[in-house]
Each structure stands twice: as C-alpha cells, then as structure tokens.
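Asker: Can you keep this structure in mind? I'll have questions shortly.
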Amino acid sequence: MGIPTEHYTRKEKLGGVGCERRRKEDARFIQGKGNYVDDIKLPGMLHGDFVRSPYAHARIKSIDASAALALPGVHAVLTAKDLKPLNLHWMPTLAGDVQAVLADEKVGFQYQEVAFVVADDRYIAADAADMVKVEYEVLPCVSDPHRAMDPDAPEIRPDLAGKMQGAHSARKHHNHIFTWEVGDKAATDLAFSMAEVTVKEKIWYPRNHGSPLETCGAVAAFDKANGELKLWVTSQAPHVVRTVVAQLSGLDEARVHVVAPDVGGGFGVKVGIYPGYVCAIVASISLGRPVKWIEDRVEHLAATAFGRDYHMTGELAADKDGRIKALRVHVLADHGAFDSCADPSKWPAGFFNICTGSYDIKVAYVCVDGVYTNKAPGGVSYRCSFRVTEASYIIERMIDVLAQRLGIDKAEIRLRNFIKPEQFPYMSALGWEYDSGNYAEGLRKVLEACDYAGLRREQAEKRARGYLMGIGLSTFTEIVGAGPTKICDILGVGMFDSCEIRVHPTGSAIARFGTKDQGQSHRTTYAQILATEIGIPSENIMIEEGDTDTAPYGLGTYGSRSTPTAGAAAARAGRKIRAKARKIAAHLLEVSEDDLEWDVDRFVVKGVPDQMKTMKDIAWAAYNNVPPGLEPGLEAVDYYDPPNMTYPSGAYLCVVDIDRYTGEVKVRRFYALDDCGTRINPIIIDGQIHGGLTEAFAVAMGQELPYDKEGNLLGASLLDYFIPTAVETPKYETDFTVTPSPHHPIGAKGVGESPHVGGVSAFSNAVIDAFSHVGVTHIDMPYKSCNVWKMLHALGLDKRE
Amino acid sequence: MNDKQEVTFTVNGEKVSVDVVPRELLVHTLRERLNLTGTHIGCDSSHCGACTVDFNGRSVKACTVLTVQAQDAHIVTVEGLAGPSGLHPVQEGFQQEHGLQCGFCTPGMLMRAYRFLQENPNPTEDQVRTGMAGNLCRCTGYQNIVKAVQYAANKLSARSV
Ligand code: FES
Ligand code: FES
C-alpha cells in the first residue's frame, strides 16, 4: 500500500462511488447544444398532425379529407381505412389490450386520434387538420367509473364483444377489464370480524399527468432502398420500441434502428408507444420521406398517458393499542377507453400489493377492478414504480385514520407497527420479500431533527387560538428495480438490464447501457460505479445509452430501475474486467494471481507496495502482452437479472399552515429523510429528491384532469393543469440513513421515485391533520384553495368571531 | 396570409434576414430557419418559458412573438450566452449547483436569469423565485436553480468591483 495521503489522492482522483461529482451531462445543455427529438431536421422531412375527436363517445359516419388534400403542401391524410390493409389500425398495449392507432369507426374518448395529416411544415399540417370534415353520431358516454358496470351502461369497446376472457382475468361486463385479487380473503375477513377496532375510508387518487417539459414526439425515416427504418423517439425504453416496431411493421428487427436522443423528462409518460409514433412510421414508409410528429401540450395532457385514477376503499383492523391486525383494500381503477397501463405484463395493477407499506401486517387482501370509461387511455406510473404511489398513499392515509380513531399519536402508531430490522428479509402478507430496512431509526431521526413534540405543542396552542396547523408524516416503503425476469416482463421480454464496457489501450473506457437517461444523470453516476470497480477515473469513462444499434439490449429507465438493474450490471461487468486485469497483472509481475491485492486503481504484490501495475498499464498490456491462452482486449458485458426487487424507504415530515378564511395551504417545513441504500452521488440524490417532492407537491396541491358527464376534459392546458413555479414550491431539507440492499452488488436501491411516492402522503397527511381536531379523517386531493375552503366552510371554520 | 415578408434582426451579435409569412412565430424562425435549437418549445402558450430569449433587453417568450415583430430587434439566445472568455456566470452557476436535470427548461432558465440579474443584481432568495416565476421546471424542484442564480449573482458582482 502507498502512503496514506497518496492513497487518498488517488481515491479522490478516481471520482468513484460516494463522491460529489459534478454532472457530465450539463456542458451541452447549458450551451443550447442538446439534441432532443424536435431538434432533428432531415432533408425532405414532412410534418404530421392529428385530427382529434371533439366527442368522448361517437360513431364516425364519414371522413372527408378532400379539402385538406387539395391544400398545397399537403401530402397525405391517413385514416383507419388506410392503416387497415397494413394491419396497423390497432396496436397492442403493454397491458395485453389493443388500442386504436386511428379511430376505427368509433371514438372512445375526447381528443382521440381520428386522422393523421402530413404536410410540408407544421403550419400547413395544422391548417389541413382543421379542413378534414368528420361527421359524428354522438353516443351516450360513461364518464363515472362507478357507473361503468351498470347493466345498461353503454358499451365502450364493441371490438371486444363476446370476449369474456381478458388478458388478466375473466370479464364480467362489457366495460370490465379485469379483477385482480391478492392475499388471503378468508383470513382477512376473519381478522376483521374479530378485531377490537376497524376503520374504513373511501379515498380517491385523482387522475393526473406526469407532463414532462418536453412533450412526446418522433421522427421516422424509412430508407426504401435498403428497407430500413430509423426512428428517433422520446422514449424511456428505446429497445422495447424497436422490438414492438419490428413486430408491428413486419420489418426485420435488425433493420429497425431506434434512437432515443436527449429526452426532456419522462416520469413514466414516455414508456408507452403512442399512435403518433406509429402514424409517423407509416407515413414515412408510404411517402418515402422522413416524417416528424411532435405533440403540443394540450394533446399531451389530453391524449397521452395519464397517471393514477384509483378509487380506493381502505380498511384496517387493529387492537386498542393500534397494532394493525389486517388490511383490506378495494380499488376501482379507471383505465379509460383502452387498457394502456405500462406495467410488467403479469401485473394489471402494477405492484399495488406493496400496500402493506412499512408495517408488519400479518393478513391482507386486495382486490382491484379495472374498468373502461370514455376517457383517455393511460394509467402509467407518474414517477412511481407501477402503482406504488397509490399503494403507499392508501396505507399512509389509513394508518393516520386509525391513529385518529384511537387517539394515538401519528408517529407513535407507526413506531408500534414498523417491521423491525431483525425481521428482514421480510415476507409480506401480499407476497413481497422486503430486502432490508430500518424504519424506526429513520423516523426517530426526523422527529428529533424537527422537534416533533414541540410541533405538536405548537399545534395545540394554535388550535386553541383558532389557527389551523397540520403535521404530516409519511414513512413509506417502495418496491423498485423491476425486476426478476421470472415475474417481470414487458411484452414477453424479461426485465433484466445490461452494461457493456470496453477499456481502450490507453486506459480510458466507454460503457453502454440498456437504460435511458431523462435527467437522472446516468452519465455521471454510472461512471462512478465503474470507476470504483475498475480503477479508471470516472472522468475517463464515457457513458452512452439510447441508440439501439450500439447499446446492449435493456428494458429502459422507469420504476427507479436503472441503479438496481443496470447499475448492478455495471458493477458486475466491471468485476469481470477486473478479474481479467488481475490475470494480466499477474502475468506482467510474474507472480500468481493470489499474490496480488487490489488497491483503488492498481494491483499490488502483497507486502511489496512498489511492485504494482496500474489499470493504465494493464489496459495497454491487454492489447499486446496477455498471458498465453488469454484473449487480447479488455471488454466485458453483463446482463443482470435481479434476484429480487429493492425496497427503498423514507421518513418525511411536512408542516402546513392553513388560512381559515381563504383555504390557502402554506407549506412551512418539509423534512425528507431517504434510505436508498448505498449512496452513489449525494448531489444527484438531493436533486432527485427535490424534483420528486415538487411533483408530489403539485399532485397534492393542484394536479387533476377532471371530466364532465359528457366526457369533456375540463382543462387540458397549462392554464388549468397545475405545474408549480419557483414561487409556490416549498423549500426542502434532506437527510438520510443507509441500509444497503443485501442482494445488490453495491447495495444501492434506487431513489428517483421515493420523493414522489412518499411525498404525496406527507403533504396530504399534513393538510388533513390540520382538520383532525374537528373529526375530519380524509379529504381528497388536490388541496386547491377552493377545495380546502369548501371544507372550511362546511365545517363553519371560516366564520369570523 | 401567405405573402412572405423580409425581416431583418440581430441574433447573438450577427445580423440575419429571413423571409417569413406574417403568422410565423419567432421560436420557429430561430429553431427551424436559423438552426438555433437551444430555444425550446414546451407549451406554445406562454406558460412554460422554455422558449425564453432576450429581446431588446427584455425576456420574452418566443412562442408568443411573431417574427415580423422582430424587425431591427436585438436578440440573444442561449447559444450566444458564452463569450470568448468562456461560459457566462449563469451557465457556470447552473452547472456548479446542479440546477438542471433533463436540460429542457435550461436554455429558457438561463436566458431569464441572464436578464433578471441585470434587472436586480443582488436579489434575495424570494426575489429570485419571483423573478424566475415565468419559467417552469419539472425536474429540479427549483431549489438548486435558486442557488445557481445566486451563484451567478455573486460571481457577477465580484466581477464588477
Ligand atoms: S413554449 Fe413558449 S412559454 Fe412554453
Ligand atoms: S431540468 Fe428538466 S425541466 Fe428543468
């Protein structure tokens, strides 16, 4: 070993796991040199635009495109009739359903894609779209999911008539998609019948939208001469797009080149495949020219995958001391006109069965009914690993409801029910094996940091003086990193992920991954993981993703899966490199491999510190002097099939003050403690936490996509849809504990979604806590001033003495 | 509607002339005719600020300005922010303080910060938040953007003394 300071300098220089490395993505972005899909410009490129339905449910009597086609600069108007001969008028969804690419005789939601106009530029395309005459016969519509399975409810999907077996279960009504049950119903019912206390609450998680700042879009360029298709697309999962495009188009997959260039935020919205992508491809194939389609913000909010819309009924059974005996949840899931949820194939309600949360609940039962309504399709996870936010919300709300009923403090009831550190690995009543956690430690740290007892005293004093103050806690556990291929696949492809590394002769390296960054900083953090594993400074390791021709196959970035899956692949591929490097070092030093030990960036002969070979030396030798029998070169690839999910957790505390007279909610303090296992880069983690908490704030305080009885979407622009500015957004304090995942190669668990998942319940619980002294146990989100004021008014709290 | 008009203006110190129909939006002229794709489109409706450019010494949303309104205008876009001596302090600030993630809002944020710090060279945190309120970010939660702007403010004021 070298002398300590020299050793320290080498470690610093390495920029490995744990260091506060500045982002490598930024240089281009801060100089306007990003390359997003809409920045792509090809010779002869045309622009596509949609004709969309003004009605939620209507029969299409006729489409007359003659006036549009007569407009100079218009090249084509595609309708379902044109796509039919290619069998592309419908496409499979990730959830095992089908979705109309262009409305086939009937529309099922407002803003549905009816025709695709292709023109010289976006202005002409928009003009022409207005000139397409569509005659509709309006049909009665289903807007309320609670009426969807009424005997006389209008049939939304005649294409499924007579199909009584769905992708996930038998269908019991023409608007029924699936029923998904988990847990032991009989044991749960029994526990409820014997319980000292039971509580029940109806809780709606409203329909909302991830709405990244960049909308969705694609550029398709078909090369007729070679029969090859190139597609640039706003995708979190470009490899999956390639496979689906090959299957749909009949093109050889090797002739489909998909590139996800820079992606301007995804949050789950860019996992699926949308009609616009398919139409751009078809138009390019049929016209022989590149076609660009970029949706506008209204189209994005109105037609591209929404999140949530879970109508939940939660019940807890407990003893008088607040020890939970059983959980029962029913969900009515509003999926819109097509089931386009982006979940692993076998999971129609995602991982909603994580809803026992951080608590040791011995019996539980969950039943989810998915129904069709005349609304936009979607149900993607908005910064959340497959319905985990809904799951976390129901349990974090219900434990508060129980605490209120029993008069037990909301922190105390959590401490009484937590799974204890010694219970890990912990098998939950609903079938998940939690890897590790130390929930009580996290919560205690937060309570102390915020002087929880002092806050409760202040709240009592304030209440006595007529002020409304709320303290919200959320002690959530997530399930991320999907996932083991035996239980997780997307359209049949297992959810592994991958890393491929090449170390060049002069000692720098390039690594490629099957995931796709949309702001998560992979270029920065993957290089840190590799630096620690292979002893090459992160500054000298290039990271690439998104080009399916060069990157190894992977399932993409969502569900906080990049670090748990591709991050693991990086560590393992790095270890393969290091194992070969050891052989080369032994050969160069003429010792046996066992005589060597690894020291930051080199192999050293044990006990002889000046006898060593750095990775730089070894990289050079790999190309000219390898031991006999060993292949030259220094490359490795790893496809990592995780043995289990990872289970990040956290403890959040939120303090709000509510204006009795206006209903305005002010967040005074937000303290977020996260445990994402091994921390790769604290700066990046904090950035993820700030961003996720702000989304959670937006969801709790204002985001919704409301529909009227006729299925009209009331507000699909940023005028109505709430995206907080810097002014409304609270300030956050962050903290952490570290409980590594025992099964992940570097112990990391993933962090991108924790703040959203845990944040929503913290905000909600704070607002509702402000009303707890007057007997309120639940108020549905969003807590816009007008909604909160209605509650204040109904309770008479807005009266001036 | 289709009669083209010649419009002449200065972008990033360079004089340019374009022939455009009266309805063409400045953001499209910049992005599609002048290949200045750093200016982004997030909404088309003046809400997000991704298209913010500096226009005659004011921050404007280029999705809501007609190119014909730009006759003789002096426009600075994100591509014109760095000078011969390197990055502008607002660019440095965003990099140093982790003020960006996906980068889509960043050009608009930078252009707003650039103008805002000329309007108010020594802002308080609340003033930064208000001054930047026309620009939405979905990724960062603003906390580091505020720090980035403060970093730039310090750097700029150190420069001017
Ligand atoms: S694109 Fe101009 S403000 Fe959003
Ligand atoms: S960094 Fe993604 S929108 Fe701001």
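Each value in this text was obtained by applying a stated rule to the coordinates, not by laboratory testing. Quick caveat: nothing in here was measured; it's all calculated off a predicted structure. Counting neighbours? That spans all protein chains shown, and the Cβs are built from the backbone with ideal geometry, glycine included.
Asker: For segment B:1-141, how big is Rg over Rh, using alpha carbon atoms and the Kirkwood form of Rh?
Answerer: On the way: Rg = 15.1 Å, Rh = 15.5 Å.
That ratio is 0.98, to two decimals.
Asker: Need one word for segment A:580-677: rounded, prolate or oblate. Basis is the Cα gyration tensor (sqrt eigenvalues a ≥ b ≥ c); a/c below 1.5 gives rounded, then a/b vs b/c decides. All intermediate terms of the calculation are to be shown ahead of the outcome.
Answerer: Numbers: a/c = 4.40, a/b = 3.29, b/c = 1.34.
Taking the square roots of the gyration eigenvalues as a ≥ b ≥ c, segment A:580-677 is prolate.
Asker: Can you work out the Karplus-derived ³J(HN,Hα) for every residue in segment A:629-634? Use 6.51 cos²θ - 1.76 cosθ + 1.60 with θ = phi - 60°, whole Hz, and x for glycine or proline.
Answerer: Once rounded to whole Hz, the list reads x, 9, 5, x, x, 9.
Asker: Non-local amide H neighbours of A:ALA342 (under 5 Å, H modeled in plane, Pro and chain starts lacking H): which ones?
Answerer: Hits under the 5 Å cutoff: A:VAL380, A:SER381.
Asker: Another question, then. Averaged over its residues, how many other protein chain Cβ atoms are within 10 Å of peptide A:730-739's Cβ atoms?
Answerer: On the way: counts 3, 6, 2, 0, 1, 0, 0, 0, 0, 0.
Rounded to a whole number, the mean comes out at 1.
Asker: Now for a different question. Using the Kyte-Doolittle scale, which helices in chain A average at least -0.5 and also have C-alpha atoms spread 30 Å or more along the helix axis, with helices defined as whole DSSP H runs? Intermediate values should be presented prior to the final figure.
Answerer: Details: long enough: A:568-589 (31 Å, -0.02).
Result, helices passing both filters: A:568-589.
Asker: Based on the mean of other beta carbon atoms within 10 Å per residue, what is the order of A:326-338, A:443-455, most packed first? Working shown, then result.
Answerer: Details: A:326-338: 25.4, A:443-455: 16.5.
Descending packing order for the listed peptides: A:326-338, A:443-455.
Asker: Can you give the net charge of the other residues whose Cβ lies under 13 Å from the Cβ of A:VAL371, counting K and R as +1 and D and E as -1?
Answerer: On the way: positive: A:ARG147, A:ARG157, A:ARG171, A:LYS172, A:LYS375; negative: A:ASP97, A:ASP144, A:ASP150, A:GLU155, A:ASP309, A:ASP334, A:ASP339, A:ASP369.
After counting each charged neighbour, the total is -3.
Asker: I would also like to ask the following. Take the alpha-carbon centre of segment A:254-284, take the same for segment A:156-200, and report the distance between them in whole Å.
Answerer: Between the Cα centres of segment A:254-284 and segment A:156-200 lies a distance of 34 Å.
Asker: Taking every residue in A:690-696, how many Cβ atoms of other protein chains lie within 10 Å of its Cβ, on average?
Answerer: Numbers: counts 9, 10, 2, 2, 7, 3, 1.
The mean count of partner-chain Cβ atoms within 10 Å per residue comes to 5.
Asker: Let me ask something else about it. Under the rule of at least 5 residues apart or a separate chain, name every residue whose amide H is placed under 5 Å from the amide H of A:GLN611.
Answerer: A:VAL605
Asker: Need one number: nm distance between label points at A:TYR661 and A:ASP708, each 7 Å from Cα along Cα→Cβ, rounded to one decimal.
Answerer: 3.4 nm
Asker: For A:207-213, what's the mean count of beta carbons from other chains sitting within 10 Å of each residue's beta carbon? Write down the numbers at each step before the final one.
Answerer: Details: counts 0, 0, 0, 1, 4, 5, 18.
Mean shielding by partner chains, rounded to a whole number: 4.
Asker: Calculate the FRET efficiency for A:VAL591 and A:LYS731 from the Cβ-Cβ distance with a Förster distance of 60 Å, rounded to the nearest 0.05. Could you put the intermediate results ahead of the total?
Answerer: Details: r = 57 Å, r/R0 = 0.94.
With a Förster radius of 60 Å, E is 0.60.
Asker: Quick check on segment B:5-80: of the DSSP beta bridges with both residues there, what percent are antiparallel, nearest 5%? Could you put the intermediate results ahead of the total?
Answerer: Working: 14 of 16 bridges.
The antiparallel fraction comes to roughly 90 percent.
Asker: Another question, then. Assign one of three labels to chain A, namely rounded, prolate or oblate, based on the Cα gyration tensor with a ≥ b ≥ c the square roots of its eigenvalues; rounded applies when a/c is under 1.5, prolate when it is not and a/b is larger than b/c, and oblate otherwise.
Answerer: Details: a/c = 1.82, a/b = 1.09, b/c = 1.68.
Verdict is oblate for chain A.
Asker: Could you tell me how far the Cα centroid of segment A:683-715 sits from the Cα centroid of segment A:363-402, in Å?
Answerer: 15 Å
Asker: Same structure, new question: What number comes out for the charge environment of B:VAL7, summing +1 per Lys or Arg and -1 per Asp or Glu over other residues with Cβ under 12 Å away? Show your work: numbers first, answer last.
Answerer: On the way: positive: B:LYS4, B:LYS15, B:ARG33; negative: B:GLU6, B:ASP19, B:GLU24, B:ASP72.
That works out to -1.
Asker: Rounded, prolate or oblate, given the Cα gyration tensor of segment B:89-159, with a/c below 1.5 counting as rounded? Display every interim value, and only then the final one.
Answerer: Values: a/c = 1.70, a/b = 1.36, b/c = 1.25.
Prolate is the answer for segment B:89-159, as a/c is 1.5 or above and a/b outweighs b/c.
Asker: If each of A:LYS224 and A:ASP549 carries a label point 7 Å out from its Cα toward its Cβ, how far apart are those two points in nm?
Answerer: 2.1 nm
Asker: Please list the radius of gyration and Dmax for segment A:72-185, considering alpha-carbon atoms only, with Å as the unit.
Answerer: According to the Cα coordinates of segment A:72-185, Rg and Dmax are 18.0, 65 Å.
Asker: Could you rank the peptides A:530-542, A:718-730 by their average count of other C-beta atoms within 10 Å per residue, with the highest value first? Working shown, then result.
Answerer: On the way: A:530-542: 23.2, A:718-730: 18.8.
Ranked from most to least packed, the peptides come out as A:530-542, A:718-730.
Asker: What list of ³J(HN,Hα) values in whole Hz, one per residue of segment B:133-144 in order, does the Karplus curve 6.51 cos²θ - 1.76 cosθ + 1.60 (θ = phi - 60°) give from phi, with Gly and Pro shown as x?
Answerer: Whole-Hz 3J(HN,Hα) from phi for segment B:133-144: 5, x, 10, 9, 10, 9, 9, 8, x, 6, 4, 7.
Asker: What does the extension gain come out to for A:GLU135 and A:GLU181, with contour length at 0.36 nm per residue minus their alpha carbon separation?
Answerer: Details: separation 46, 0.36 × 46 = 16.56 nm, distance 4.26 nm.
Value of the extension gain: 12.3 nm.
Asker: Ordered by residue, what ³J(HN,Hα) values in Hz, to whole numbers, does segment A:45-56 give under the Karplus form 6.51 cos²θ - 1.76 cosθ + 1.60, where θ = phi - 60° and Gly and Pro are x?
Answerer: After applying 6.51 cos²θ - 1.76 cosθ + 1.60, I find 5, 10, 10, x, 8, 9, 8, 10, 6, x, 10, 7 Hz.
Asker: Among A:282-291, A:743-752, how do they line up by average Cβ neighbours within 10 Å per residue, starting with the highest?
Answerer: Numbers: A:282-291: 21.5, A:743-752: 24.6.
For the peptides A:282-291, A:743-752, the packing ranking is A:743-752, A:282-291.
Asker: Relative contact order, percent, of chain A when contacts are C-alpha pairs under 8 Å separated by at least 6 residues? Please list the in-between numbers first.
Answerer: Values: 2041 pairs, mean separation 126.0, N = 801.
It rounds to 16 percent for chain A.
Asker: Once amide H atoms are built 1.01 Å from N in the peptide plane, which residues 5 or more positions from A:CYS384, or in another chain, come under 5 Å H to H?
Answerer: Residues meeting the amide H criterion: A:GLY559.
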